[in-house]
Amino acid sequence: MPIAAKFEIEYLQYLDADGKLVRKDLPAFAKDLDTMVKLYKLMVSTRVFDTKSIALQRTGKLGTYASCLGHEAAHVGIGSAMKPEDVLAPSYREYGAQLFRGVQPREVYMYWGGDERGNDYQNEPARHDFAWSVPIATQCLHAAGSALAFKIRGEKRVAVCTVGDGGSSKGDFYGAINIAGAQKLPLVAVIVNNQWAISVPRRIQTGAQTLAQKGIAAGLPSIQVDGNDIIAVRKAMEDALDRARAGEGASVIECVTYRLGDHTTADDARRYRGKEEVEDAWKKDPVKRLRIWLEAQKAWDETREKALQDECNDWMDNEVNAYLESKTQPVSAMFDYTFAEIPADLEKQRELALSLDKGAH
Amino acid sequence: MPIAAKFEIEYLQYLDADGKLVRKDLPAFAKDLDTMVKLYKLMVSTRVFDTKSIALQRTGKLGTYASCLGHEAAHVGIGSAMKPEDVLAPSYREYGAQLFRGVQPREVYMYWGGDERGNDYQNEPARHDFAWSVPIATQCLHAAGSALAFKIRGEKRVAVCTVGDGGSSKGDFYGAINIAGAQKLPLVAVIVNNQWAISVPRRIQTGAQTLAQKGIAAGLPSIQVDGNDIIAVRKAMEDALDRARAGEGASVIECVTYRLGDHTTADDARRYRGKEEVEDAWKKDPVKRLRIWLEAQKAWDETREKALQDECNDWMDNEVNAYLESKTQPVSAMFDYTFAEIPADLEKQRELALSLDKGAH
Amino acid sequence: MAAITLIEAVTQALAYEMNHDDSVVVLGEDVGVNGGVFRATVGLQEKFGELRVLDTPLDETTIAGVTVGLAAQGMKPVCEAQFEGFIYPMMEHIACHAARLRTRTRGRITVPAVFRAPWGGGIRAPEHHSEANEHLFTNIPGLRVVLPSSPARAYGLLLAAIRDPDPVMFFEPKRIYRQYKEEVPDDGEALPLDVCFVLRDGNDVTLVTWGAQVKETLEAADALAEEGISAEVIDVATLTPLDFDTIAESVQKTGRCVIVHEAPKTAGFGAEIAARIAEECLYDLLAPVERVTGYDTHIPLFRLEMKYLPSTQRIVEAAKRAVAAS
Amino acid sequence: MAAITLIEAVTQALAYEMNHDDSVVVLGEDVGVNGGVFRATVGLQEKFGELRVLDTPLDETTIAGVTVGLAAQGMKPVCEAQFEGFIYPMMEHIACHAARLRTRTRGRITVPAVFRAPWGGGIRAPEHHSEANEHLFTNIPGLRVVLPSSPARAYGLLLAAIRDPDPVMFFEPKRIYRQYKEEVPDDGEALPLDVCFVLRDGNDVTLVTWGAQVKETLEAADALAEEGISAEVIDVATLTPLDFDTIAESVQKTGRCVIVHEAPKTAGFGAEIAARIAEECLYDLLAPVERVTGYDTHIPLFRLEMKYLPSTQRIVEAAKRAVAAS
Ligand SMILES: Cc1ncc(C[n+]2csc(CCOP(=O)(O)OP(=O)(O)O)c2C)c(N)n1
Ligand SMILES: Cc1ncc(C[n+]2csc(CCOP(=O)(O)OP(=O)(O)O)c2C)c(N)n1
Ligand SMILES: [Mg+2]
Ligand SMILES: [Mg+2]
C-alpha cells in the first residue's frame, strides 16, 4: 500500500539513572562544568524550597500546595534554556523554571497562602511571564497567542508552555499545537509527563505509546526525553527554542519524569499507588544522578553540598519570613482590580463592603 | 538516537479518477457487481436528492441547506459498511450515509425547512442514530459515549462519527479519539476532508501532512483513503468496523474528497476559491468514475442510467410533496418537548403563548 | 442507622441507585480508585467495576460529550466536574445537546444525565475552587438546576435527579459537605424536584436562599427570633424550573423578602426571585426586596474570602431594614 | 457621507481602529478572504494582511485562548464567534482568564480584548444560529456586555469596546444588521460604555430593552402614542456594568416599567432590572413590573420562531396593563 506519511519519535537521554553518560555527543552547555554546577544548584534550591513549602503547609501557614518533588530536572531544564525575552506560561508547579526566571519563593507562598499578590511577580523576566494557571492546559493557548503576537510584531521571542500528562488530554493542548503548526508560531509545548494526574495514571489518560506523538497530529517536530536528565531536557529545549527563534515554527517535547510526592498537600497518593512504584521512581531521582556525575567530574563534593544546603535554607528562611510578615490586603483590594477603573455600580458595593468591614471592628 | 515509536499512514485507493483499478486485491464486496450497482444507485440518488434540495432552496421553500455534492462516495461508503445495529453520529451533510440508513428526504427538507420534526427519523435503523449536529465536532463525543455504552453493556455494536476537515481541529474530535483509544471503545471516527471549512482551506486548518495522522495522537490505527473511491472508503470502513466489533478498539479514517458546491446555500464560494480548483476537482467526481468502471464491467449502461434518474426523480417529487404538504406545528410544540413533563411554571407560559396565538387570528 | 454528612449522603444515593439500576454509571476525573477528591464516589468502583465508575482523561469537554452519548443510548450517567470552576468546557454539550436533544428530536432522543459539581466558597481552596456559578445554567431551557443543602436533601434530590428523564445540574455546596450529620435512611426515597422547602415558618420576613448559605440564613433567623422578629426560611433547592408559588405564598404573608446567595449580585439567580416578586407580589410588599449576595467581583483568594461571602450579620441587618420599612 | 447599516458600521469601526492602532488584530473563522459569514470583516484582510486578520482553525476554544494570549502581550484582539450559539467553547477562557487576569495578577496582566458575536433570532437561520444568550456573561465579574442596536451605536460602542482596557463581550443583533441605514461619520468618536441610551422620552411608562428588540419596542411606543400613552424607551446597550441610574430616573417619573428581551424569561437579564426596581424604586412603582420575553424554551426552528420572539403587540399590551394598574 502506498504510504502517505511516516513518523518517528526519538528518545533523548544523556545521563542515566546512575549518573552515567549514555552518549558521547554532549551538548556545548554540558561541557561547561560551571553551567552544570549552576543548574545543579538551582535543582537543589528548588528541592529545598519545596520541602520548606510542605513544612509551611503542614503547620497551617499555607493553604493547599502543589509540590514539585522529582520534577527538578524538567523544570530547571525548561527555565534555563529560555532567554529573558521569551515568555513562560506555566501550570502550577513549575517552580524550578520560575525561580530561574526571578519568581521569588515568597510569591509562591503568597499565592498558595491565599493572596493574589503572589501572582504579581516583581522580578524580570518573570514579570512578563504568565501567572500560574489552575484551569488545566489553558495556558497552552495563552502561549500560542503570545507566540502569535511575537510573529505579528516580528519579535524574535519564543513562548513556552508546560502542561502535564493529564493536561495533554485537554482540548486546549491540541488547539495550541495545532494553530502553532498551521501558523508556524514560535512556540515550544512541553509535556511534563509525571505519570499521574492526581489519581489517574498515564495509561487511563490515553492509548498513545508516547505523549510526544501528539505533536504529530499538529505536524510538529516532537521528541521524548528523559525528564530526569537535565542535559536531555535542556538540549531538547535549546533545539526547539532555536528552531522557533529562526522562524521554523513550533515543537513538542515530552519530558518523562515522576511525581514523587502527593498531587498536592490535599491529596494522599497512598490511596491509589503502590509503595514499590514510588521507590522505583526514587532510583531515577534527577538530583542525585546529576550530583553523582558532577562528583565524578570533580566539580562537586560533600563540602560544597553542605554549603549549598545552608545557603538555600537561609534563602528560604528569609523568604518565609517575608511571607509571614505580609499583611492581608485591605477589603478594597477585592474591588480594585476588577476593572481598570471601577464602574459606578461596583463603587457602591465597594463602599458597602468597606463600611461592613469597619463595622466588624 | 533511540526511537521511542514509529508510525506510517497508508493511503488506500482502488479506483482512480478515470475509473481504472489501481490495485488487484479487490475486497469481497467489490467483486459482487450487484452490490456495486446498489452502491452506485445510492450515490446517484443522493446526488439527485441534493440537486432537488438546492432547487427547493432557490425557490424559497427551504431555509439554508448544506449540499453534499461531491461527497457521495464518502457518505455512501460510510453508511453502507455499517450494520443496522450500529449507530451513526453525523454532522449535517452526510445524506448519502443517512438515506442508506432510512432517513427520508422529506425529513431532510423538514429540518432545513425550519421544523424540528425533520430530526424525528421515522425509519429504522436511522431512528436510533443521532440527529444532525450543527455544533461542529460535538457528535464525535456522542459517538464515543455511545461506544462506551455498548462496551459497558457488552453489545457488539459500533458507533461511527463523521467530522469535517475543519471539525477535526476542534477539541471534541481529539477528546473522542483519545478516550476511545484509552478505553478501547468500538468507535470509527471518519474525517471527511473536503478541503474546505466554509472559506478556510485545509492548509490553514492544520500544519499536519495528513489529517489521518491525528489518530496517532490517540494511539489509533489510522488510514487515509481516496474519499471519492467508494471501494476504498467502504473497505477501510469494513476493516475498522470489524476491528471495533472484535473488541480491538477504535480507528481513524480520513476520506480525501472535495466540496464541489458552496458550503451552504447561504455561501458563495466564488469569493474565496478559484474556478480551476473546482474544475480540477470535478475531474475526480466519485459518481462518474464508478459509472465508468461499472460500464466497463458491463454492469451498467445508458438505459439503466436513464431509468435510475427517472426513478430518483419520482422519489424526490414524492418526498417534496410530502414536505410541502406538512402543516406547521402548533404553538404548543414550542413547549411540549422541553421536558418529559411540563413543569408548572412553563405550563403558565404555554397557556400565555396559546392565548396570544388565538388572539392573533 | 448512623448519621451521615452531606457528602456521605451523596455517596449513599449513588450507591443505592447503582445497586438498583444497572444503567446508572459514574464518570469523571479521579472518581475511581481515589473515590473523588472529596470522597463522593468512595468505594463505588470497588463495588461496580471500572466501567461503571470510570476515570476519564482530563478533559471536561470529553466528560460532558461522552455523558450525552451514554444518555442517548439509554444509560443514566452521573458525571462530575471536579469543581464548579472547571465546568466551563462542559457548557457546549450541556447547553447545545443535553438541554436540547429532546426538543431537537421531538422526544426521540433524550438525555437523562446528571452533571454533579462541588460548588461554592469558604473552604480555603485554591483559585477556581470556590465559585458559585449556578447562574450559568438557570437561563438555559430544558435543564434542572438543583442545590441540596442538607444530608437528607442531598440524598433525596440526587436520587430524583438520577431518575429524572431530563438533564439535571446538581451543585453540591462543598462548604457544608461535612458540616453536620443527620440520619438519612437508605430507603431509596426521592424528594421532589419541583418544590422549594420551607425550613422554618415565620410571619415577619421571608428569607430565601439555597446552597451553603442556608447555614447563615438559619443562623440569621435564630438571631432575629431573639429580637422578636419571626423569619420564614425557604431553601429554593431546585432553582429551575422554579417553584415560585411557595415563595409567593410566604411573601404574601410576610410582606418582606430578603434573598441570600453567594454568587455575585448582578444577574445572580436572586434577581429572578426579586423580579418575580416585583411582577407578582407587588401589592403584598411592605418593604423593598433586599439581596444579600457576593459582590460583583471574583471571589478573592482565601485570605479575604470570608469578607466576600454574605455573613449572618448582613442577613440580619437586611431583614431588620425590611421589617423597619413600610 | 453615505448612510450605512449596522453591519457596515461594525466594519467601519474595525477598519478605523486597525488603521489607527497597529495593535488591533481580528481573528476568527472565515474572517479573512471571505470577510465573515455576515461580511463584518469584509475588505480587512486585503488592507491589513493575513496576520492581522487571521483565519483560525475551527476551534472556538483556540480562538478564545489565543485571544487572551494576544491581549496579554499588549495586542488588542477582536475575535469572533461565528454565531452566539458557538460561543460555549470560549467560556472557560472568557470566565477564567479574560475576566480574571487583572484580578489574579493585581493588574500585572490585563486582557483588552473584544469578543464579537452575531446574536439573536429572527433571520430564519438553522439551529444554534438564533440564540440570545447574553445572560451567560452578565453574572461574570470583570466583563462588559454590550449590545448595540443602531448603526451609530454599533460604531461608537465597538470603538469604545476595542479601546477599553478590559474584556468586552460585543453581541450584534443580526436581525437588524441590515434593517436600515443611517449616516455614521467615520470620525473615530467612541460612545460611552457606562450609560443606557434614552431613545425616546415619555411620562406614562418606561420600556427597557436592548438588541434587536429595540425595533419592536420603538414600534410599541408609536402604537401607544396613538392611544395617548407616552412611553419612554431605554436601550440598555451596556448590560454590565449596569447604568441603573438612568432606568431608575425614568421609573421614578413614570411609575411603570416593561422590560423587553428575546432571551428566555427566567434568569434573563431582565430579571436583574426588575430586581433593581424592586429594591431601589419600590415606592415609585404604580404597577407591577412586566417582562415581555422569550419563553423558557429553546427558540424553535424558523417555522415557529416568530411565535417565540416578543411581538410589538405583546409589548403594547403589557404597557397598557401597567398603565391601567395602580
Ligand atoms: C480544567 C480543570 N479540570 C480539573 C482540574 C483539577 N485538577 C487539578 S490538577 C489535576 C491533574 C493534573 O494532572 P497533570 O496534567 O498530569 O499535571 P500534574 O498535576 O501531574 O503536574 C486536576 C484534574 C483543573 N485544575 N482544571
Ligand atoms: C462550534 C461551531 N463553530 C462554528 C460553526 C459554523 N460553521 C458551520 S459549518 C463550518 C465549517 C465546517 O467545516 P468542516 O468541518 O470542514 O465541514 P464541512 O462543512 O466542510 O463538511 C463552520 C465554521 C459551527 N456550526 N459550530
Ligand atoms: Mg501529571
Ligand atoms: Mg470541510
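Just so you know, all these numbers are worked out from the coordinates, no wet-lab data involved. These numbers were taken from a predicted model, which means no experiment stands behind them. Heads up, the Cβs are rebuilt from the backbone with ideal geometry, glycines too, and the neighbour counts pull from every protein chain shown.
Side notes on the structure shown:
- A simple spin-label model places pseudo-atoms 7 Å from Cα toward Cβ; at residue B:10 and residue C:325 they are separated by 7.6 nm.
- For the protein assembly as shown, the equivalent ellipsoid derived from the alpha-carbon gyration tensor has semi-axes of 45, 43, 30 Å in decreasing order.
- For region A:53-125 versus region C:173-200, the spacing of their alpha-carbon centroids is 41 Å.
- When the helices of chain D are scored as -39500 (n - 2.57) per DSSP H run of n ≥ 4 and the total is divided over every residue, the value at 222 nm lands at -10000 deg cm²/dmol.
- Degrees between helix C:269-280 axis and first principal axis of chain C (Cα, 0 to 90, nearest 10): 50
- Sum of -39500 (n - 2.57) over DSSP H runs of 4+, divided by residues of chain B (222 nm, nearest 500): -14000 deg cm²/dmol
- Cα gyration tensor shape for chain B, rounded if a/c is under 1.5, else prolate or oblate: oblate
- Within chain A, longest stretch clear of exposed trypsin sites (Lys or Arg not before Pro) (DSSP loop, no more than 12 other Cβ within 10 Å): A:25-282
- Shielding score for C:32-39, defined as the mean number of other chain Cβ atoms within 10 Å: 4
- Partner shielding of C:238-248 amounts to 3, given as the average count of beta-carbon atoms from other chains within 10 Å of each residue beta-carbon.
- Among the lysines of region C:172-326, pairs that are 8 or more positions apart or on different chains and have alpha carbons within less than 25 Å of each other number 12.
- For region B:296-340 versus region B:267-290, the spacing of their alpha-carbon centroids is 26 Å.
- Overall form of region C:1-126 per C-alpha gyration tensor (a/c, 1.5; a/b vs b/c): oblate
- Comparing mean-square fluctuations of C:183, C:216, C:232 from a GNM of chain C with C-alpha springs under 10 Å, the top value falls on C:183.
- Partner chain coverage, peptide D:107-116 - average Cβ within 10 angstrom: 3
- Take every Cα pair under 8 Å whose residues are at least 6 apart in sequence, average their separation, divide by the length of region D:240-309, and the relative contact order is 39 percent.
- With label points set 7 Å from Cα along Cα→Cβ, the inter-copy distances at residue A:271 are 5.3 nm, sorted shortest first.
- Taking amide H as placed 1.01 Å from N in the peptide plane, the amide H of residue A:257 sits under 5 Å from that of A:193, A:194, A:195, A:227, each at least 5 places away or on another chain.
- Against chain C, whose longest principal axis comes from its Cα atoms, helix C:244-254 is set at around 20 degrees.
- Rounded tilt (10° steps) of D:213-226 against the dominant C-alpha axis of chain D: 30
- When chain B is treated as a GNM with alpha-carbon contacts under 10 Å, the residue of B:253, B:216, B:204 showing the greatest mean-square fluctuation is B:204.
- Summed residue charge, Cβ within 13 Å of residue D:281's Cβ, Lys/Arg positive, Asp/Glu negative: -2
- Karplus (6.51, -1.76, 1.60) ³J(HN,Hα), θ = phi - 60°, over region A:217-223, in Hz, Gly and Pro reported as x: 4, 9, x, 9, x, 9, 9
- Label-point gap, in nm, between residue C:230 and residue B:297 - each point 7 angstrom along Cα→Cβ: 8.8
- Under Karplus coefficients 6.51, -1.76 and 1.60, residue-wise ³J(HN,Hα) of region D:308-317 in Hz, glycine/proline x: 8, 5, x, 9, 3, 4, 5, 5, 4, 5
- B from A by rotation - nearest chain A beta carbon to the axis, in Å: A:171, 1
- Of interest is the spacing of the C-alpha centroids, which for region D:1-79 and region B:144-175 amounts to 34 Å.
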